[in-house]
Amino acid sequence: MNPPPADAIRLTDVSFSYGDAAAPAIEHVDLRVSEREFLGIVGPNAGGKSTLLKLILGLIEPQAGRIEVLGRSPQSSRRAIGYVSQYPAFARDFPISVEQVVLMGRLGTGPALGSYRCNDRMAARRALQEVEAEDLAPRQIGSLSGGQLQRVLLARALASEPQILILDEPTASVDQRLESDIFERLRVLNERLTILLVSHDIAFISRYITRVACVNRTLVCHRTDAIDGPVIEALYGEPVRRVAHEHKL
């Protein structure tokens, strides 16, 4: 019998609030994410999803509890995490090429900030090929469509050669056809990467993820076939339709 997969991420009784007098953004959160798991994260606005990601990324520290990423502190594991934000952190009209954007994913891996080596450019090229965007390399970032931009931002995250990929609403600005294309790429990447993905579209992502973490200050995990109307109504506080999908083998 094969041993169970190791934990890629582990949170134990974690709580965090913004300011001493503020109500907790999250409290008493326990979460274990196995290596090569595909975890969906859902919840209402201001429910704590962004706070959870910041804690795992090591951008903030919990007031209580413990966080381990690949068996180390989040700060020690940052280079092992590729991150795709909901919105690009640069102006779309900034005069920079796609290749230069993807190379940003290599910052901090070289001997000096902004100093790219041959293997950095090779890693950027591989990342663009993996998302089928190598033909976009010479284009200016401002000339891309929403779907093209999302593929480039995914390539930037992959260029760092991460073990964990975290995505925050990666398909919020694309149509359903492009959304399906991106998720099919994520399905392939999940064969070697642990993936955490924030989304509001529970019905759609349940075709791809293995579990869903419902975050509304506290956190409860469910397998996707256990997500039904009453569960989501309890999470969001309003009636919803039942959502369940069979997983493709």
Discussion item. Condition first: part of a helix (DSSP H, G or I) and in contact with a strand residue (DSSP E or B) (Cβ under 6 Å, 6 or more places away or on another chain). Now tell me which residues in the range 187-205 satisfy that.
Written reply: Ile202, Ile205
Practice prompt. Just give me the residues in the range 1-49 being in contact with a strand residue (DSSP E or B) (Cβ under 6 Å, 6 or more places away or on another chain), farther than 19 Å from Pro170 by Cβ and among the aromatic types (Phe, Trp, Tyr), in sequence order.
Written response: Phe16
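Among residues belonging to the range 38-68 that are of a type in the set (D, E, K, R) and surrounded by fewer than 20 Cβ atoms within 10 Å (Cβ to Cβ), point out the one that is nearest to Ser199 (Cα to Cα).
Among them, the one singled out is Lys54.
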Worksheet item: How many residues does the range 192-210 hold that are within 24 Å of Ala25 (Cβ to Cβ) and surrounded by 18 or more Cβ atoms within 10 Å (Cβ to Cβ)?
Response: 9
Item to complete: Please work out if Arg217 is surrounded by fewer than 18 Cβ atoms within 10 Å (Cβ to Cβ), more than 15 Å from Val33 (Cβ to Cβ), among the basic types (Lys, Arg) and in contact (Cβ under 8 Å) with a residue 24 or more places away in the chain.
Response: no
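State all residues of the range 78-101 that are free of Cβ contacts under 8 Å to residues at least 60 places away in the same chain and within 24 Å of Pro5 (Cβ to Cβ); if no residue qualifies, say none.
Within the range 78-101, just Arg78 meets the criteria.
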Item to complete: Answer yes or no: is there a residue in the range 72-89 that is of a type in the set (A, V, I, L, M, F, W, C), at pLDDT 95 or above and closer than 22 Å to Ser199 by Cβ.
Response: yes
Worksheet item: For Ser77, all conditions in the list (1) surrounded by fewer than 21 Cβ atoms within 10 Å (Cβ to Cβ); (2) touching a strand residue (DSSP E or B) at 6+ places or on another chain (Cβ under 9 Å) hold save one; what is the number of the exception?
Response: (1)
Worksheet, complete the sentence: Output for Cβ contacts, cut-off 8 Å, separation at least six or different chains, first residue farther than 19 Å from Ser73 by Cβ in the range 9-34, second aromatic (Phe, Trp, Tyr) and modelled with pLDDT under 95, reads Ala25/Tyr18
Practice prompt. Scan the range 143-182 residue by residue and report those that are under 13 Å from the mean Cα position of the chain (by Cα), surrounded by fewer than 19 Cβ atoms within 10 Å (Cβ to Cβ) and at pLDDT 90 or above.
Written response: Gln163, Asp168
Discussion item. Could you tell me how many of the residues in the range 30-65 are among the β-branched types (Val, Ile, Thr) and out of contact with any Lys or Arg (no Cβ under 9 Å at 6 or more places or on another chain)?
Written reply: 2
Practice prompt. Check every one of the strands (runs of 3 or more DSSP E) wholly within the range 1-90 and list those with 2 or more residues that are on the phi < 0 side of the Ramachandran plot and out of contact with any helix residue (DSSP H, G or I) (no Cβ under 7 Å at 6 or more places or on another chain).
Written response: 7-16, 26-34, 38-42, 64-69
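The values are calculated or read from the model by the stated rules, or taken from the named source; none is laboratory data. In this text, all values refer to a predicted model and were calculated from it rather than measured experimentally. Backbone-built Cβ (ideal geometry, glycine too); neighbour counts: all protein chains shown.
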